[in-house]
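Worksheet: one structure, shown below.
The values are calculated or read from the model by the stated rules, or taken from the named source; none is laboratory data. Keep in mind that this is a model prediction, so the values were computed, not measured. Counting neighbours? That spans all protein chains shown, and the Cβs are built from the backbone with ideal geometry, glycine included. With ligands, DNA and RNA removed, areas are computed over all heavy atoms of the protein, side chains included. Shrake-Rupley method; radii C 1.70, N 1.55, O 1.52, S 1.80 Å.
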Amino acid sequence: MPIHEQSLIRPENLKTHDELVMDGVDVSGHWSTFIETRAVSDYNENLQDEIGSLPGGEYVHRCWQCGSCTNSCTVNAINPDFNPRYWIYLIRMGMESELLRDKDIIWQCVSCNKCTYACPRDVVPEGVMKATAHWLELKGHTPKSPSMHFDEVFSGQVIERGKIEEGRIIQGFFKRTGQPLMQDWLIEMGKRMLRNLPVGLLTRMGLASLVAPKTEGWSRARDAIREYAEEQHAHHRRALGLDELAETAKQEAGAPARS
Amino acid sequence: MATNPEKYKRVAYYPGCALEGTGHAYNRSTKVVGKALGLDLVEVKNWNCCGAMEVKNIDPKIQTYLSSRVMSIAANEMGMDTVMAPCNGCYHNLKKAEYDLKHDPKSGEVVDRLSKKAGHATYQAGQVDTIHALDWIKDSIGEEGLRERVRNSLAGVKVANYYGCMYTRPRHIFPEKDQGEGSESTSKPHFMDDLLAAAGAENVDFPLKTACCGGAHTLSDSDTSTKLVLNILNAAEAAGAEVIATECPTCHSGLEMHQVRAEKKFGKRTSVKIVYFTQLLGLALGLSPRQVGLHENVSDSIGFFKAKGLA
């Protein structure tokens with residue numbers, strides 16, 4: 001399959017001249033565009049290690065840039081700017097500022113695992129996408145994505161009760177992201193669902209949304225998972241040096257350092 | 001081919017959260033089809049969520065623990081050697097946990113620690129085989145067995161078989177697939193095609209069998225999901241399909257939801273019906289639309305099947 005990555009030359013790096021003569025040759029016009037030359041000097045040498053320390057990013061160092069991930073990518077097919085191969089390259093090179101230009105779309109990976117299926121080096125690009133999205137949020141480069149909000153609402157309910165109930169998840173997610181439940185397509189969905197639905201099932205679903213289902217005797221599992229999750233969170237903050245960053249920022253602002 | 005007629009006669013059944021909610025029609029139809037085929041389902045006691053597609057994004061090892069607990073109960077508290085999960089997500093996660101526990105000592109440590117604190121036996125890799133509803137019917141009854149039991153042939157029903165992502169990807173968590181004749185293929189899966197063909201259906205040549213419906217972001221990035229779903233619906237119609245057969249509650253509700261959303265939001269109307277493959281098998285086995293839960297689907301197919309003489 002051909003590799004088609006049209007998005008690499010960004011519009012702002014292109015120049016079009018109406019009247020430009022070089023060495024006596026007229027090179028003006030749209031065809032003679034120039035890519036602006038630039039030197040990269042702001043490397044983050046730790047970028048690969050930081051993303052590698054987050055779940056999913058462990059194998060980013062294995063990549064040899066074949067492009068199979070981007071070539072097979074579901075999201076790339078509808079948005080050419082979504083380019084896992086390129087992002088993995090930037091991560092490995094430490095080109096953080098270049099990576100940040102795409103910070104608002106990296107979370108859109110749909111986890112279809114076509115990349116992981118195609119990858120000949122076992123990089124698990126799907127995991128790298130999740131780790132990168134996570135890294136962006138932990139570092140404060142992006143707010144929590146809608147997807148992260150959904151994951152948190154969902155996981156919160158699983159950890160709390162052992163099971164989920166879809167109605168509550170949807171309500172919790174819409175509330176958190178400030179979306180109205182009364183959207184025309186959702187109302188239409190509801191209407192079509194109710195058209196043939198038997199009363200018995202309707203009652204059951206209604207009851208489930210009032211009294212959420214729960215795995216019996218779950219509290220010990222809940223506490224064990226929470227304890228582990230907190231440990232992991234602290235571990236990730238350490239790996240990214242976030243506590244030190246916060247401390248430095250405080251000191252620079254003249255606030256007394258926490259002992 | 002019925003390769004495991006005895007072993008799969010009685011299996012532990014893990015329906016999962018979706019099958020108790022929006023995927024209830026899949027739960028109902030799986031159970032009645034099992035009953036009609038003389039297969040016994042014993043529900044996993046006091047099961048929990050497998051972690052779906054969300055918990056792994058918080059921490060993959062918590063997901064491994066959640067899935068391992070389900071297998072531990074089946075093996076250690078019920079003495080079962082096979083867990084059947086009809087939901088692609090549950091099936092995928094149990095297989096993934098099995099793989100991780102076999103190959104990654106760190107996952108084993110975390111699962112052991114959490115299991116001990118939670119107060120149940122730690123699941124050990126190899127204690128159970130996890131299978132999908134497709135394996136369950138294909139390997140216990142097989143096409144021959146099914147053909148003998150068909151009472152209302154699906155002849156004349158044009159079906160696009162849609163498998164989704166989680167049933168075949170990534171390859172390494174499905175060591176039994178891609179093993180030559182009789183095994184499932186991860187690039188061109190065919191178990192659903194085989195079963196529905198045995199029930200008389202006319203399978204169309206559908207190129208998007210394992211395309212993604214955007215199920216992970218069905219609500220958090222709805223425009224992407226609508227585009228992906230519309231692509232699948234259009235491709236099925238272009239291939240001549242009247243029905244898309246599904247095997248996953250997330251795919252199924254994603255297709256239904258975004259079929260409506262594409263129509264309401266973008267004015268793109270499609271008429272292909274969306275039904276679970278177990279609902280189609282049930283109709284072929286002589287069960288009524290109500291028994292297989294057609295009335296529980298958002299996609300209204302009752303009139304269509306009536307016109308085909310199947311309801």
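For every residue, the table says whether it meets (1) among the β-branched types (Val, Ile, Thr); (2) farther than 28 Å from B:Ile274 by Cα; (3) open to solvent by 50 Å² or more (accessible area, probe 1.4 Å); (4) assigned to a helix (DSSP H, G or I).
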| residue | (1), (2), (3), (4) |
| --- | --- |
| A:Gly190 | no, no, no, yes |
| A:Arg195 | no, no, yes, yes |
| A:Leu201 | no, no, no, yes |
| A:Arg204 | no, no, yes, yes |
| A:Ala212 | no, yes, no, no |
| A:Thr215 | yes, yes, no, no |
| A:Arg226 | no, yes, yes, yes |
| A:Ala234 | no, yes, no, yes |
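Taking segment A:122-148 only, how many residues are over 19 Å from A:Ser72 (Cβ atoms) and either at the interface with another protein chain (Cβ under 7 Å from one of its Cβ atoms) or part of a loop (DSSP other than H, G, I, E, B) (or both)?
Total meeting the criteria: 9.
Being over 11 Å from A:Glu58 (Cα atoms), within 15 Å of the chain's Cα centre (by Cα), open to solvent by 20 Å² or more (accessible area, probe 1.4 Å) and not charged (D, E, K, R) is the filter here; which residues of segment A:116-137 pass it?
If the condition is that a residue be over 11 Å from A:Glu58 (Cα atoms), within 15 Å of the chain's Cα centre (by Cα), open to solvent by 20 Å² or more (accessible area, probe 1.4 Å) and not charged (D, E, K, R), then A:His134 is the only one that fits.
Among the residues of segment B:85-97, are any over 27 Å from B:Leu196 (Cβ atoms) and either in contact (Cβ under 8 Å) with a residue 12 or more places away in the chain or buried (at least 23 other Cβ atoms within 10 Å of the Cβ) (or both)? Show your work before the answer.
Going through segment B:85-97, the residues over 27 Å from B:Leu196 (Cβ atoms) turn out to be B:96-97.
If we keep only those that are either in contact (Cβ under 8 Å) with a residue 12 or more places away in the chain or buried (at least 23 other Cβ atoms within 10 Å of the Cβ) (or both) too, we end up with B:96-97.
Yes - at least one qualifying residue is present in segment B:85-97.
Considering only residues of segment B:24-53 that are among the polar types (S, T, N, Q) and within 11 Å of chain A (Cβ to nearest Cβ), which is nearest to B:Thr130 (Cα to Cα)? First the steps, then the outcome.
Initially, segment B:24-53 is screened for residues among the polar types (S, T, N, Q), giving B:27, B:29-30, B:46, B:48.
Narrowing further to those that are within 11 Å of chain A (Cβ to nearest Cβ): B:27, B:46, B:48.
Working: B:Asn27: 17, B:Asn46: 18, B:Asn48: 16 Å.
Among those residues, the one meeting the criterion is B:Asn48.
Scanning segment B:254-298 for residues that are crowded, with 21+ Cβ neighbours inside 10 Å and of a type in the set (Ser, Thr, Tyr), which turns out nearest to the other protein chains (Cβ to nearest Cβ)?
Only one residue fits best here, namely B:Tyr276.
Could you tell me which residue of segment B:54-71 is nearest to B:Leu94 (Cα to Cα), considering only residues that are within 9 Å of another protein chain (Cβ to nearest Cβ) and of a type in the set (A, V, I, L, M)?
Checked segment B:54-71; the qualifying residue nearest to B:Leu94 (Cα to Cα) is B:Leu66.
Does A:Gln157 count as polar (S, T, N, Q) and either more than 9 Å from chain B (Cβ to nearest Cβ) or part of a helix (DSSP H, G or I) (or both)? Spell out how you get there, then give the answer.
Values: polar (S, T, N, Q): yes; either more than 9 Å from chain B (Cβ to nearest Cβ) or part of a helix (DSSP H, G or I) (or both): yes.
Considered against the rule, which asks whether it is polar (S, T, N, Q) and either more than 9 Å from chain B (Cβ to nearest Cβ) or part of a helix (DSSP H, G or I) (or both), A:Gln157 comes out as yes.
I'd like the full set of residues that are basic (Lys, Arg) and in contact with a strand residue (DSSP E or B) (Cβ under 6 Å, 6 or more places away or on another chain), limited to segment B:138-192.
We begin by selecting, within segment B:138-192, every residue basic (Lys, Arg); these are B:138, B:147, B:149, B:151, B:158, B:169, B:171, B:177, B:188.
Selection gives B:Lys158 alone.
Just the residues that are part of a loop (DSSP other than H, G, I, E, B) and either aromatic (Phe, Trp, Tyr) or facing another protein chain (nearest Cβ under 8 Å) (or both), please, taken from segment A:110-121. Write out each step before concluding.
First, the residues of segment A:110-121 that are part of a loop (DSSP other than H, G, I, E, B): A:110-113, A:119-121.
Once the filter is applied, which keeps residues that are part of a loop (DSSP other than H, G, I, E, B) and either aromatic (Phe, Trp, Tyr) or facing another protein chain (nearest Cβ under 8 Å) (or both), segment A:110-121 yields A:Val110, A:Ser111, A:Cys112, A:Asn113.
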